[in-house]
Structure formats: structure tokens, C-alpha cells
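Below you'll find the structure, written out as C-alpha cells, and then a few comments.
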Amino acid sequence: MRRFRRHRGLTQQALADLAAIDKGYISRLEAGEIADPGVDLVERLSSALQVSMRHLADPRWYAGETNLLPDWEGALLAIPASCLSDDDKEAIIRFVRKLIAAKSAALMALGLAVGGPAV
């Protein structure tokens, strides 16, 4: 949630005001002190942050696993739903991942071709 909030340029207080939630509660959510905020709260937060509930609730954002979600992907997911649908976001992510995989494969093949096996 913190990454989405920061991407929007919101303070905890501003998010709290938009979602009609206590700022201290936002702070505890971001610190991981609240495990299950409930559907109503997640709905209000996702609306205030302009992201889908699915993306807001993605477990990779929590439990210190943010390294599993690259910054480019996080930035894409943080685009408001009014600008880009969730389906379009997922399609772009799949496309970029394929490009990254193809580039990695090409670099590996080039490395094998340049270095070549020992004769």
C-alpha cells in the first residue's frame, strides 16, 4: 500500500482523509501490524488509491517480498484504473516480461557464442 500511496504523492494523512480512515490505522497497515483489514477497508483504500482491490491485496507488496515485484511493474499497477484497465495492465506486464526473457536468452546465447566451449 505504501508504494501505491507514494506513487500517488499522498501522505498517510491525505490517504486517511480520502478513505475516511484514521491515519494511525494507515500507519499500522503499512507497518504490517494489521493482517486482515477487511473487505470494506480494502475497498475504500483501493478507491482512494485508484487501484483494483486485487492489486492492492497482492501479497508480494507485504511481508518483505517487494523485491518480487519490480519497480516498473509496481509503477504500472499504480496507474489509475480510469486510465488503464486491469486487463490492459496485465497484458502489458506479460509483454514486458516476455521482452525481458527474450533479451536474457539472447544475451546468454551471445555469451555462449562469444566465449564458446573450450576445445
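Please treat every number below as a calculation from the coordinates, not as lab data. Quick caveat, the model's predicted, so the values are computed rather than measured. We place every Cβ from the backbone using ideal geometry, glycine too, and count neighbours over all the protein chains shown.
Taking other Cβ atoms within 10 Å as a rough exposure proxy, LEU41, LEU29 sort from fewest to most as LEU41, LEU29. The ranking of LEU107, LEU10 from fewest to most other beta carbons within 10 Å of each one's beta carbon is LEU107, LEU10.
Modelled spin-label separation between GLU43 and ASP22, with each label point placed 7 Å from Cα along the Cα-to-Cβ direction: 2.2 nm. Sparse packing (at most 13 other Cβ atoms within 10 Å of the Cβ) combined with a DSSP loop state is found for the following GluC sites (Glu not before Pro) in the range 7-44: GLU33.
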